[in-house]
Amino acid sequence: MQSDLNFLRQDMEINIILQLLAILTFCFFVWQLVKQPLERPSLRSVAILVLGDIGRSPRMMYHAESFAENNFETYLIGNDGSKPVPSLLSIPHVHFLYLPNAPSTSGLPFILSAPRKIVHQVFSILNALLFRIPRPPEFIVVQNPPSIPTLALVWLVGELRGSKVIIDWHNLGYSILALKLGDTHPFVKLAKWFEAYFGRCAYAHLFVTNAMRDFLVREWHLQGHKVVLHDRPPAYFHRTSPSEMHELFLHLQPSFSAPSLQNFLPAANPPFSTPFTQTSSPHHSKHTPPSTLELEGEYDFSPMPHQRLDRPALLISSTSWTPDEDFSILLEALKLYEQKARDASTTGGGLPKVLMVVTGKGPERDKYMSEVAVLQKEWQWVRCVSMWLEPEDYPLLLGSADLGISLHSSSSALDLPMKVVDMFGCGLPVCALDFACLHELVQDGVNGLVFHNAQELATQLASLLASFPTSPTLASLRQSLEASGKGAGNWEWGSWSENWNRVMRPLVLRDVPLENT
């Protein structure tokens, strides 16, 4: 019975897509009948379309910032929700055009509520692109995925207003759908056709990897300029200084006060100390002689904050809590590390305590964190907490951590994890789950380590943290990251701005020579 219901639901989804195509065709022919002569696009203007929360689309926000810095009137279109990056809010050339929330469909059957939602979405996007922007933009940059309905809509608007469409290929939408329905499902085949048909022709195609460019050019015969724009962090991503760490951990103190962390983290005494940093002793003054502990060196009298020697190793992983990032691998690795740490404590070896911080929001978060809550009742050496950070805090936490972990496996095996890019920008080495094109970003033993399963990850954690906080291997990986930022090393790096100006400026500014692409 349940399988029949699932099949019926999937058939409904196919009908919705067919209705969507009918709507777009209707809109196109109606416009052809009533349109006035085309107004020439306004030079140095761009509309950037995100079908989703703008604040959770860092690459598109970075695009907006780069366009605006090159004096483009920039319209960022998408849904309200998370706070955008602070630097974007202070640029006068950037205009946020938030899409209205879909009307409530509670009480309506799925066959009625889903088409209503899609129709609302279609006309909201068309209204923003056709009417809310004063003049036709010179360029429309669209994020893919999602492919439906955005690729068709920007194609339509580009035809009507004379705007040049730039598709930023982050991943393939049909491959994400295939995770749920399987490669052979009719809806996946329809979604693949839709994505290929409406994504084939554009003024320019941007790709996050060489592998994605090669695949799409070969399989879909893309028309237009084709360039690889690797993800890179903005310039303000950097290794966090001890003073910044201290301020950050004072700010995040409530997050480290959960019951599961009581008696696990070193005692903190704000504002003099946090579980990870400390300043001078709060007990010492010119009127109070130093205690025996102070004379023995337990307290550091330096006025500047510094990292505590008794701190736990701080590990961080950013995840969308979706099926293409298998959190069970990390959970199993933490179980194995717990056992390794127990064994080491009895043999005189010694591994540090580990605090695993997982950032992000997503559908599988509650399921896995409930499992974590049960497990860590018995754990002595490991704790795992989930956090949602403000944009200004996220890079500071990355730059304060000792090791990053990436579980990204890629539904298409053609994209790269943005989280690793952010970590590298903050001088944070990673352990990353291997997949086809990971080598374009992570070089095993140079800027991180590559693992294939939970056992390998647990072994890497134990090896990297064996002499914590002074780990020669971690230090070597971090030095490689620092060297690459100075133009040294044998792998490409640089800030987002440097990369964008090298790749994108020739595509959008007529006074910059355009290479053959």
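The values are calculated or read from the model by the stated rules, or taken from the named source; none is laboratory data. Predicted, not measured: the structure shown is a model, and the values here were computed from it. All Cβ positions, glycine included, derive from the backbone under ideal geometry; neighbour counts span all protein chains shown. What goes into the accessible areas is simple: the full protein's heavy atoms, side chains included, and nothing from ligands, DNA or RNA. Shrake-Rupley method; radii C 1.70, N 1.55, O 1.52, S 1.80 Å.
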Residues being without any contact (Cβ under 8 Å) to a residue 40 or more places away in the chain, part of a loop (DSSP other than H, G, I, E, B) and under 24 Å from the mean Cα position of the chain (by Cα) - total across region 83-99: 3
Can you tell me which residues in region 23-41 are over 14 Å from VAL157 (Cβ atoms) and at pLDDT 60 or above? ARG40
Given the conditions (1) crowded, with 22+ Cβ neighbours inside 10 Å; (2) under 27 Å from the mean Cα position of the chain (by Cα), which single one is not true for ALA341? (2)
Sort out which residues of region 156-211 are part of a loop (DSSP other than H, G, I, E, B) and within 28 Å of PRO363 (Cβ to Cβ), and write them in order of number. HIS170, ASN171, LEU172, GLY182, ASP183, THR184, HIS185, VAL208, THR209
Over 25 Å from the mean Cα position of the chain (by Cα), more than 28 Å from TYR62 (Cα to Cα) and either open to solvent by less than 10 Å² (accessible area, probe 1.4 Å) or in contact (Cβ under 8 Å) with a residue 40 or more places away in the chain (or both): is that true of LEU250 in this structure? no
How many residues are in contact with a strand residue (DSSP E or B) (Cβ under 7 Å, 6 or more places away or on another chain), assigned to a loop (DSSP other than H, G, I, E, B), open to solvent by less than 20 Å² (accessible area, probe 1.4 Å) and over 18 Å from GLU392 (Cβ atoms) when one looks only at region 408-428? 1
Of (1) modelled with pLDDT of 90 or more; (2) among the small types (Gly, Ala, Ser); (3) touching a His at 6+ places or on another chain (Cβ under 9 Å), ALA268 fails just (3)
How about region 126-155: which of its residues are within 19 Å of the chain's Cα centre (by Cα) and either within 14 Å of SER45 (Cβ to Cβ) or assigned to a helix (DSSP H, G or I) (or both)? VAL141
Filter result (in a loop (DSSP other than H, G, I, E, B), modelled with pLDDT of 90 or more and either hydroxyl-bearing (Ser, Thr, Tyr) or surrounded by 17 or more Cβ atoms within 10 Å (Cβ to Cβ) (or both)) within region 485-517: MET504
For region 63-83, the count of residues that are open to solvent by 10 Å² or more (accessible area, probe 1.4 Å) and not charged (D, E, K, R) equals 6
Would region 108-125 turn up any residue that is part of a helix (DSSP H, G or I), at pLDDT 90 or above and surrounded by 16 or more Cβ atoms within 10 Å (Cβ to Cβ)? yes
How many of the residues in region 214-246 are in contact (Cβ under 8 Å) with a residue 40 or more places away in the chain and either outside any loop (DSSP other than H, G, I, E, B) or open to solvent by 40 Å² or more (accessible area, probe 1.4 Å) (or both)? 15
Got a number for residues in region 469-484 being assigned to a helix (DSSP H, G or I) and either open to solvent by 50 Å² or more (accessible area, probe 1.4 Å) or in contact (Cβ under 8 Å) with a residue 24 or more places away in the chain (or both)? 11
Quick check: is even one residue across region 380-395 of a type outside the set (Lys, Arg), outside any helix (DSSP H, G or I), closer than 19 Å to ALA313 by Cα and free of Cβ contacts under 8 Å to residues at least 40 places away in the same chain? yes
Across region 258-273, which residue is farthest from the chain's Cα centre (by Cα) among those that are more than 16 Å from LYS353 (Cα to Cα) and crowded, with 16+ Cβ neighbours inside 10 Å? PHE272
Determine which single condition THR209 fails, assuming it passes every other condition in (1) touching a residue at least 40 places away in the same chain (Cβ under 8 Å); (2) open to solvent by 10 Å² or more (accessible area, probe 1.4 Å); (3) hydroxyl-bearing (Ser, Thr, Tyr). (2)
Within region 453-468, restricting attention to residues that are in a loop (DSSP other than H, G, I, E, B) and either in contact with a His (Cβ under 7 Å, 6 or more places away or on another chain) or in contact (Cβ under 8 Å) with a residue 24 or more places away in the chain (or both), which residue is least open to solvent (accessible area, probe 1.4 Å)? LEU465
If we scan region 296-310, do we find a residue that is of a type in the set (A, V, I, L, M), modelled with pLDDT of 80 or more, open to solvent by 20 Å² or more (accessible area, probe 1.4 Å) and part of a loop (DSSP other than H, G, I, E, B)? yes
